[in-house]
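Enquirer: Okay, here's the structure, questions in a sec.
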Amino acid sequence: MKKIIAVIMSLLILAPVYADNLQKSIDKQLEKAQKKEMKEKKKAYEKAGFEIMGSHTMDVALLKHYSKLNELGDEGMVFEGIAQNTKSKNVATQMALNNAVITYAQKAGSTVKGRVVSDMMAEGTGADDAEFEKFYAAYERLVEQNVKNVLIPSYSIIKTNPNGTYEVQSYFIVDESKARAARLAALEKAVAETDLAQQYANKVRNFVNDRVEE
């Protein structure tokens with residue numbers, strides 16, 4: 001009995017040490033994988049003819065990008081905006097932002113619509129399709145308006161096309177906790193605008209918490 005107790009006590013003492021060592025090992029592996037990913041991204045960008053925009057080098061821009069993602073953890077996501085064949089760098093940058101916003105809003109709308117179709121319609125709620133279509137359109141439009149403050153600019157790359165125009169790819173980090181609040185605000189306005197039946201609105205509110213995937 002004493003031996004069993006001694007073994008148990010030893011395990012209790014060693015468990016935190018083992019967990020700490022395991023976490024350190026995971027962190028090192030993650031850091032190594034991210035360094036490899038950064039090198040691959042930089043190589044791919046340069047091979048395609050892209051350069052970093054702004055005052056930072058490509059290495060620093062990517063390092064800051066991954067550092068911010070690590071800080072946010074599971075709440076961090078990346079969305080990309082693209083602008084092609086533009087004659088102005090400034091216009092291309094704004095177009096890339098608009099593209100990222102529209103992409104996010106469309107995915108947010110599709111996420112909610114997918115849940116409505118799969119969950120509510122499957123339950124035979126008797127919801128009016130036309131009523132929901134009006135709601136989807138309003139929700140997507142309002143998300144587009146609200147999410148601009150949630151997309152955090154991370155870095156942009158640019159290349160000059162053979163015809164002298166520019167292509168810009170901009171990358172934005174999304175804090176899901178803030179994005180969720182923006183989507184909920186958009187939903188409440190969309191419900192009010194379209195007079196969506198309250199019995200359906202209550203269900204849809206739960207769907208807004210679903211992550212909008214990259």
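Enquirer: Determine whether F135 is part of a helix (DSSP H, G or I), out of contact with any Pro (no Cβ under 8 Å at 6 or more places or on another chain) and within 30 Å of F207 (Cα to Cα).
Expert: The answer is yes for F135.
Enquirer: Pairs needed: first member in the range 186-214, among the acidic types (D, E); second member anywhere, assigned to a helix (DSSP H, G or I) and open to solvent by 80 Å² or more (accessible area, probe 1.4 Å); C-beta distance under 9 Å; at least 6 residues apart or different chains.
Expert: Going by the 9 Å Cβ cut-off, the qualifying pairs are E193/K134; D195/K134.
Enquirer: Does S154 satisfy the criteria of being within 21 Å of N90 (Cα to Cα), among the hydroxyl-bearing types (S, T, Y) and touching a His at 6+ places or on another chain (Cβ under 6 Å)?
Expert: Numbers: within 21 Å of N90 (Cα to Cα): yes; among the hydroxyl-bearing types (S, T, Y): yes; touching a His at 6+ places or on another chain (Cβ under 6 Å): yes.
It is true that S154 is within 21 Å of N90 (Cα to Cα), among the hydroxyl-bearing types (S, T, Y) and touching a His at 6+ places or on another chain (Cβ under 6 Å).
Enquirer: Taking V212, is it touching a helix residue (DSSP H, G or I) at 6+ places or on another chain (Cβ under 6 Å), at pLDDT below 90 and either surrounded by 16 or more Cβ atoms within 10 Å (Cβ to Cβ) or small (G, A, S) (or both)?
Expert: Considered against the rule, which asks whether it is touching a helix residue (DSSP H, G or I) at 6+ places or on another chain (Cβ under 6 Å), at pLDDT below 90 and either surrounded by 16 or more Cβ atoms within 10 Å (Cβ to Cβ) or small (G, A, S) (or both), V212 comes out as yes.
Enquirer: Being more than 23 Å from the chain's Cα centre (by Cα), surrounded by 13 or more Cβ atoms within 10 Å (Cβ to Cβ) and part of a helix (DSSP H, G or I), is that true of even one residue in the range 29-40?
Expert: There is no residue in the range 29-40 that is more than 23 Å from the chain's Cα centre (by Cα), surrounded by 13 or more Cβ atoms within 10 Å (Cβ to Cβ) and part of a helix (DSSP H, G or I).
Enquirer: Just to be sure I understand the filter: pairs with C-beta atoms under 7 Å, separated by 6 or more residues or on different chains, first member in the range 51-66 and within 14 Å of K159 (Cα to Cα) and in contact (Cβ under 8 Å) with a residue 12 or more places away in the chain, second member part of a loop (DSSP other than H, G, I, E, B) and open to solvent by 20 Å² or more (accessible area, probe 1.4 Å). Which pairs pass?
Expert: That search, which allows pairs on different chains as well, returns nothing.
Enquirer: Follow-up question, since we're still on this one. Here are A83, A44, A108: which of them is small (G, A, S), open to solvent by less than 30 Å² (accessible area, probe 1.4 Å) and not in a strand (DSSP E or B)?
Expert: A108
Enquirer: Could you tell me whether the range 144-160 includes any residue that is β-branched (V, I, T), under 27 Å from N202 (Cα atoms), open to solvent by less than 60 Å² (accessible area, probe 1.4 Å) and in a strand (DSSP E or B)?
Expert: no
Enquirer: Taking the range 111-127, which residues are crowded, with 17+ Cβ neighbours inside 10 Å and modelled with pLDDT under 80?
Expert: Answer for the range 111-127, where residues must be crowded, with 17+ Cβ neighbours inside 10 Å and modelled with pLDDT under 80: M120, A127.
Enquirer: Only one of G73, G114 is in a helix (DSSP H, G or I), over 30 Å from K41 (Cα atoms), free of Cβ contacts under 8 Å to residues at least 12 places away in the same chain and of a type outside the set (K, R). Can you tell me which?
Expert: Only one candidate qualifies: G114.
The values are calculated or read from the model by the stated rules, or taken from the named source; none is laboratory data. A quick note: this is a predicted structure, and the numbers were derived from the prediction, not measured. Cβ atoms come from the backbone with ideal geometry, glycine included; neighbour counts cover every protein chain shown. Heads up: the accessible areas ignore ligands, DNA and RNA and are worked out on the full protein's heavy atoms, side chains in. Shrake-Rupley method; radii C 1.70, N 1.55, O 1.52, S 1.80 Å.
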